[in-house]
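A.B. asks: Supplied in structure tokens, the structure appears directly below.
The values are calculated or read from the model by the stated rules, or taken from the named source; none is laboratory data. The structure presented is a predicted model; accordingly, all values stated were derived computationally and were not measured. Here the Cβ is made from the backbone with ideal geometry for all residues, glycine too, and neighbour counts use every protein chain on show. Ligands, DNA and RNA are stripped out before the accessible areas are found, and what is left, the full protein with its side chains, is counted by its heavy atoms. Shrake-Rupley method; radii C 1.70, N 1.55, O 1.52, S 1.80 Å.
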Amino acid sequence: MDFTTTLQISQMIINELTGSAFVHKQQGHLFKSQGFTKLGQKYLDHYTEEMGWVEKYTERMLDLGCVPQVKVCNETTLIEDPKAYLEADLKLQKEGVETLYKVMPALATDPTTYDITKAYLLDEEEDQYWDEEQLDLIEKIGYQNWLVKQM
């Protein structure tokens, strides 16, 4: 079986997710420094969770006899305003989920990577729903009230 597509998709996920995870970690530290301890911890925990997925894809590539390439992430400016960050993160989550849906058929001949990606996709959808729920909550209770809940 040719695993070229699996390796390409896995490498893409590793690269994108590593950069995204690092941004979440830095945003978490920023939010904590602003006094939003709960929100900050949410993103620090999210970093750990995302790096777990990076490890799964790395292990899969190594199992297939390929050494992943380490790519440096693109420059990103942290967003100080929590609501603005949620909006930006939601946009990225939607794009990521859409990309994962598109690659799923290409992984159909590799059930192991398919199952990893299916589980990862479900996790990313949950993250997207969380962002949507927080923005809905801001609309319902007001931004200042939501910020108090993040302390």
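A.B. asks: Can you give me the Cα centroid spacing of segment 14-70 and segment 72-130 in angstrom?
C.D. replies: Cα centroid to Cα centroid, the span is 12 Å.
A.B. asks: Per the helix-only calculation at 222 nm, which mean residue ellipticity applies to the chain, given -39500 (n - 2.57) for every DSSP H run of n ≥ 4 and division by its residues, nearest 500 deg cm²/dmol? Present the calculation step by step, with values, prior to reporting the outcome.
C.D. replies: Numbers: 5 runs with 117 residues, N = 151.
The helix-only estimate for the chain comes to -27000 deg cm²/dmol at 222 nm.
A.B. asks: So which of Lys38/Lys71; Lys32/Lys118; Lys118/Lys140; Lys91/Lys118 end up more than 22 Å apart by C-alpha?
C.D. replies: Details: Lys38/Lys71 31 Å; Lys32/Lys118 32 Å; Lys118/Lys140 33 Å; Lys91/Lys118 20 Å.
From the list (Lys38/Lys71; Lys32/Lys118; Lys118/Lys140; Lys91/Lys118), the Cα-Cα distance tops 22 Å for Lys38/Lys71; Lys32/Lys118; Lys118/Lys140.
A.B. asks: Can you work out the Karplus-derived ³J(HN,Hα) for every residue in segment 12-22? Use 6.51 cos²θ - 1.76 cosθ + 1.60 with θ = phi - 60°, whole Hz, and x for glycine or proline.
C.D. replies: After applying 6.51 cos²θ - 1.76 cosθ + 1.60, I find 4, 5, 4, 5, 5, 5, 4, x, 5, 4, 4 Hz.
A.B. asks: Mind grabbing the base-10 log of I(q)/I(0) for segment 39-151 at q = 0.14, 0.19, 0.23 Å⁻¹? Debye formula, identical points on the C-alpha positions, no solvent, two decimal places.
C.D. replies: Here log10 of I(q) over I(0) equals -0.71, -1.13, -1.42.
A.B. asks: Report, largest value first, the span of the C-alpha coordinates of segment 1-64 along each principal axis, in whole Å.
C.D. replies: For segment 1-64, the Cα spread along each principal axis is 52, 14, 11 Å.
A.B. asks: Now for a different question. So for segment 31-79, what are the equivalent ellipsoid semi-axes in whole Å, largest first, each being the square root of 5 times an eigenvalue of the Cα gyration tensor? Write down the numbers at each step before the final one.
C.D. replies: Values: eigenvalues 183, 42, 4 Å².
Calculated on Cα positions only, the semi-axes equal 30, 15, 5 Å.
A.B. asks: Per-residue HN-Hα couplings for segment 115-121, Karplus 6.51 cos²θ - 1.76 cosθ + 1.60 at θ = phi - 60°, whole Hz, x for Gly and Pro?
C.D. replies: Going residue by residue, I get 5, 4, 5, 4, 5, 5, 4 Hz, with x marking Gly and Pro.
A.B. asks: Given Cys66, Pro105, Gly142, which one lies farthest toward the positive end of the charge dipole of segment 28-151, if we put +1 on the Cβ of every Lys and Arg and -1 on the Cβ of every Asp and Glu?
C.D. replies: Gly142
A.B. asks: What list of ³J(HN,Hα) values in whole Hz, one per residue of segment 64-73 in order, does the Karplus curve 6.51 cos²θ - 1.76 cosθ + 1.60 (θ = phi - 60°) give from phi, with Gly and Pro shown as x?
C.D. replies: So the J values, rounded to whole Hz, are 8, x, 10, 8, x, 8, 9, 10, 7, 6.
A.B. asks: In square angstrom, what is the accessible area per residue of the chain with a 1.4 angstrom probe?
C.D. replies: On the way: 8660 Å² over 151 residues.
That works out to 57 Å² for each residue.
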